[in-house]
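No value in this document is a laboratory result; all are computed from the given coordinates. Since this is a predicted model, take the numbers as computed values, not measurements. When we count neighbours, we look across all protein chains shown, and the Cβ atoms used for this are built from the backbone with ideal geometry, even at glycine.
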Amino acid sequence: MFRFLCVLLLSLFTMSVAKAELHVDIVAGGTEPIAIAVQKFESNGKVSQKDIKMLREVVESDLKRTGLFRIINHDAFPQYVKMNDMPNFKSWAAIKTQALVQASIKPDGKDNYKLEFYLWDVNGKEQIEAQSLISSTKSVRRLAHIMADAIYERLTGETGYFDTQIVFIAETGAMNKRVKRMAIMDQDGFGMRYLSDKNTFVMSPHFSPNMATIVFLSYRNDDPMVWALDLDTGNQTRLGNFGGMNFAPRFSPDGSRVALSLVKDGITNIYEYDMFNKTLRQLTFGNHIDTSPSYSPDGKYMAFNSDRSGSQQIHVLDLAKGTQKRITFGAGRYATPAWSPDGRFIAFTKMADNTFYIGIMNTEGRHEKILAGGWYMEAPSWAPGSRRLVYYETERADNDKDRISHIRSVDITGRNLYDIDLPNDVNGTEPTWSPKLP
């Protein structure tokens with residue numbers, strides 16, 4: 001099975017409690033992080049101590065990396081609160097704890113675990129979340145990500161992004177003999193595995209909305225074509241025979257279509273391939289280079305970059321009317337637009353003053369905000385919830401041998417940036433963040 005871990009049951013206890021006062025403003029860049037205490041998970045002797053330790057560590061790590069939470073040191077805990085017991089809120093408030101997490105894990109049948117957790121607002125003196133999760137024992141790490149998502153969502157009001165994956169191009173070997181393989185990993189870098197062999201040059205992988213398929217560019221027999229990988233079966237199929245080089249595939253929000261660039265007679269335009277009817281429709285026209293299509297989340301518009309104005313800029317196409325307009329007018333060139341899942345922003349790569357930048361702007365091209373800059377960086381992709389982006393950065397080096405590419409994540413304030421760990425011999429490029437796992 002190519003699909004990653006499967007959660008068997010997710011149930012939410014409905015509670016008639018007032019909405020908590022405890023809340024963090026995720027847009028404000030200078031917000032003080034919420035101080036949160038995560039207790040050791042209760043368990044019985046049939047659950048391995050390794051799994052118990054790992055669950056707590058993953059939940060804490062997920063929350064800490066956001067920059068929105070401060071993890072209370074375990075040695076400072078004033079008490080251990082058993083499940084179904086009321087915390088001593090005064091004691092927890094004394095060490096400036098704002099949120100407290102209790103959890104338990106136990107076997108549920110032969111091959112399953114049952115995890116329960118409670119989230120408490122210490123200052124409000126109330127329980128604000130309670131969930132019960134059941135999964136395969138092989139999926140225990142994913143349980144931690146789902147739990148962290150629930151805590152994050154309750155305290156920020158935004159969609160969590162911990163129970164997700166990233167597909168990317170893993171590059172190994174010397175620069176003049178680079179092997180490029182498609183790889184996938186959890187959003188925190190755990191569990192990296194290859195999806196393509198070392199004999200086929202691949203680029204530009206992107207998930208379908210239901211996580212069943214990845215489309216990508218493959219150079220097979222020196223013929224650059226868009227292919228689709230079925231994540232359940234591992235089968236790979238060519239999308240179609242379009243009569244020219246095609247690249248930069250992106251799924252529509254409903255997964256029924258794939259936008260791509262197609263070169264015909266030396267001219268590059270954007271087309272749309274219907275996955276069910278197997279038909280191709282041309283979307284842009286003219287003697288220009290139009291590429292990097294990205295659908296708006298409602299499927300009505302498409303951002304793309306084009307040189308039709310004389311330099312590489314971002315344009316937006318109205319898919320119903322067929323009209324397009326340029327939206328970037330700042331200094332430099334703009335490329336690789338990526339529409340945010342909430343529809344509010346378009347991320348981009350910018351090239352100006354011999355520097356590459358990753359930034360965001362509104363959908364009219366205004367209020368541009370630069371999030372990161374460096375010698376070479378490209379390919380921003382959004383996490384669910386539109387809070388964070390992932391991209392890759394290549395460091396400048398005196399020779400090609402020492403050139404290293406990192407996969408990095410940054411939030412929309414630009415204040416919380418970190419590398420996603422990869423194996424020592426792997427360079428990461430062209431990352432794409434998945435939707436939340438089904």
Got a sec? Charge dipole of the chain, +1 on Cβ for Lys and Arg, -1 for Asp and Glu; which of I184, N269, A99 is way out at the positive end?
I184
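Quote the relative contact order of the chain in percent (integer), defining contacts as alpha-carbon pairs under 8 Å separated by 6+ residues. If you can, show how the numbers build up before the last one.
Values: 1085 pairs, mean separation 50.6, N = 438.
Normalised by residue count, the contact order of the chain is 12 percent.
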Give the order of M147, M245 when sorted by the count of other beta carbons within 10 angstrom, beginning with the fewest.
M245, M147
Which order do H74, H315, H367 fall in if you start with the one that has the fewest other Cβ atoms within 10 Å?
H367, H74, H315
One finds, for E57 and H288 with R0 = 41 angstrom and r their Cβ-Cβ distance, a FRET efficiency to the nearest 0.05 of 0.20
Beta bridges by DSSP in the chain, antiparallel share as percent, to the nearest 5
95
In debye, nearest 20, what is the charge dipole magnitude of the stretch 47-189 about its Cα centre with +1 on Lys and Arg Cβ and -1 on Asp and Glu Cβ, if you could check?
540
Residues R333, R388 in order from fewest to most other beta-carbon atoms within 10 Å are R333, R388
Top of Y357, Y219, Y392 by mean-square fluctuation, Gaussian network on the chain, Cα under 10 Å:
Y219
Positive end of the charge dipole of the chain (Lys, Arg +1 and Asp, Glu -1 on Cβ, about the Cα centre): tell me which of L133, A379, P33 has its Cα farthest that way.
L133
Over what distance in Å are the Cα centres of the stretch 209-237 and the stretch 92-125 separated?
41
Cβ-placed point charges (K, R +1; D, E -1), dipole of the chain about Cα centre in debye, nearest 20
260
R326-N221 pseudo-label distance in nm [points 7 Å out on the Cα-to-Cβ vector]
4.2
In a Gaussian network model of the chain with springs linking alpha carbons closer than 10 Å, the residue among G45, G373, G332 that fluctuates most is G45
Residue-wise, which Karplus ³J(HN,Hα) couplings in Hz belong to the stretch 39-46, taking 6.51 cos²θ - 1.76 cosθ + 1.60, θ = phi - 60°, and x for glycine or proline?
6, 4, 6, 5, 6, 10, x, 8
For helix 49-65, what angle does its Cα long axis make with the longest principal axis of the chain, in degrees from 0 to 90 and rounded to 10?
60
Given the pairs K50/K106; K180/K369; K64/K110; K46/K138; K180/K300; K278/K350, which span a C-alpha to C-alpha distance of over 24 angstrom in this model?
K180/K369; K64/K110; K180/K300; K278/K350
For n ≥ 4 DSSP H runs only, could you compute -39500 (n - 2.57) per run for the chain, divide by its residues and tell me the 222 nm figure to the nearest 500?
-3000 deg cm²/dmol
Length added when fully stretched, N424-D232, from 0.36 nm per residue minus Cα-Cα
66.3 nm
Once phi is turned into θ = phi - 60°, what whole-Hz ³J(HN,Hα) does the Karplus curve with 6.51, -1.76 and 1.60 give for every residue of the stretch 333-350, x standing for Gly and Pro?
10, 10, 8, 6, x, 9, 6, 6, x, 8, x, 8, 10, 10, 7, 7, 9, 10
Karplus couplings for the stretch 243-248 from phi (6.51 cos²θ - 1.76 cosθ + 1.60, θ = phi - 60°), rounded to Hz, Gly and Pro as x?
x, x, 4, 10, 7, 6
Any chance you could give the angle, 0 to 90 degrees and rounded to 10, that helix 140-156 forms with the longest Cα principal axis of the chain?
90
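Taking the Cα centre as origin and putting +1 on Lys and Arg beta-carbons and -1 on Asp and Glu beta-carbons, what dipole magnitude results for the stretch 239-299, to the nearest 20 debye?
140
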For the chain, with a Gaussian network of springs between Cα atoms less than 10 Å apart, report the residue from S196, S48, S292 with the top mean-square fluctuation.
S48
